[in-house]
Structures are given as C-alpha cells and as structure tokens.
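Every read-out reported here was derived from the displayed coordinates using simple, explicitly stated rules and does not represent laboratory data. Note that the structure is predicted; figures quoted are calculated from it, not measured. Methodologically, a virtual Cβ is constructed for each residue, glycine included, from the backbone with ideal geometry; neighbour enumeration extends over all protein chains shown.
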Ligand SMILES: [Zn+2]
Ligand SMILES: [Zn+2]
C-alpha cells in the first residue's frame, strides 16, 4: 500500500507505518535520545528534555501519548483521552475503559462484551415495558 510520509510527504509503501523508512529511522533515533535523557535525568521536566535533546516538543509529547516512553518527564500529566481526567499512567481512565467495554466499542472484540451488552438490553426492555403501561 502506497502512502505519503506524515513527516516529509515522500511516497513509500508500507501497510501500517505513517512514516517513510528514513523518517522512521530519524524518529527512532529521537525516541532513543529522549528515552536515554530521561533515564539518566529522571527528574528532568519536559521542557528540559526538549531543549537538551533537540527533539520537538510535539514529538516528545507524541512519544508519551503513544505510551512508548516507559519513563516520562517529571511534570508530564496523563489525561484520559475521553473525559480528560488526570491519570497516573495510561491513556484512558478505568471508568471510560469500562464504558467502552459496555458499548462494545473496543476493537478486536472481547469475550466479556457479550454478557455486558445482554445485560444492557434487559434493562432497556424492562424500562420500555414499564413506560408502555
Ligand atoms: Zn519521511
Ligand atoms: Zn475517562
């Protein structure tokens, strides 16, 4: 599948990557730099990481949001992508995660979705029959 690199706009062929091979390599080097800097300076703040590594703030933020960085700058806040609640780690708070499971919106299908949605339907029918009385 041909696509345009998200960074340099060069056309390349890859089923999933958003970046061309050379930008992927560049990005990996940036990632290593950021990771290494935080590892050796665990108390570093995000601004310091940006200045010291020369990596764009947006890129550093991207690494954090993607969950690639296992250790993050000291002042980084995790926020739930859905409701914006502060988190200590991860991307979605446990409440929204449970919500997603109920709605069955998680991709790849989970085994627990079936029983949960069945339960939801029972409630729905129950409410409707009461309303029609
Ligand atoms: Zn590129
Ligand atoms: Zn949430």
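Could you go through the stretch 39-47 and let me know if any residue there is within 16 Å of ligand 1 (Cβ to nearest atom) and buried (at least 16 other Cβ atoms within 10 Å of the Cβ). Break it down into steps so the answer makes sense when it comes.
Going residue by residue through the stretch 39-47, those that are within 16 Å of ligand 1 (Cβ to nearest atom) are none.
No, every residue in the stretch 39-47 fails to be within 16 Å of ligand 1 (Cβ to nearest atom) and buried (at least 16 other Cβ atoms within 10 Å of the Cβ).
Looking at residue 32, is it exposed (fewer than 13 other Cβ atoms within 10 Å of the Cβ) and touching a helix residue (DSSP H, G or I) at 6+ places or on another chain (Cβ under 8 Å)?
The answer is no for residue 32.
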